[in-house]
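Take a look at the following structure, please.
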Amino acid sequence: MAIKLETFRNREFQKSFAKVLHKFYHQSCPDICPLVKKTGQLYEEIRNTVDPVYVTEFIIAFLGPVTKHINNITQGIWKNIRNEII
């Protein structure tokens, strides 16, 4: 996805996007926590993070109207995550 710099710099856009991210941080979605079985019953296992697919899909839907799809990405932002057990 690519967004025009003038759109990204728009204060109203920034406020709106910041509100969405703030809401993601403080609200939880029902039925997204994994279920664990304890004492024969299923309980939601509360964790610090939500499945990233929910956030990714919503952000793509939110940004969709003001972005365009890029097929050949030669440069961009990439983040590699590695889990280590200590």
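Taking R0 as 25 Å, what FRET efficiency do you get between H26 and I70 from their Cβ-Cβ distance, rounded to the nearest 0.05?
Given R0 = 25 Å and the Cβ-Cβ separation, E is 0.20.
Cα gyration tensor of region 2-68, axes a ≥ b ≥ c as square roots of the eigenvalues: rounded (a/c below 1.5), prolate (a/b > b/c) or oblate?
prolate
Report the residues of region 57-72 in range of a label on N10: point 7 Å along Cα→C-beta, backbone N strictly under 20 Å from it.
Of the residues in region 57-72, 58-70 have backbone N under 20 Å from the label point off N10.
Through the Karplus equation 6.51 cos²θ - 1.76 cosθ + 1.60, θ set to phi - 60°, convert the phi angles of region 58-68 into ³J(HN,Hα) values in whole Hz; use x for Gly and Pro.
Coupling constants for region 58-68: 5, 5, 4, 5, 5, 7, x, x, 10, 10, 10 Hz.
Describe numerically, in nm with one decimal, the distance between label points set 7 Å from Cα along Cα→Cβ at T39 and at V53.
3.2
Just so you know, all these numbers are worked out from the coordinates, no wet-lab data involved. Note that this is a predicted model, so its numbers are computed, not measured. For neighbour counting, all protein chains shown are included, and Cβ atoms are generated from backbone atoms with ideal geometry for every residue, glycine included.
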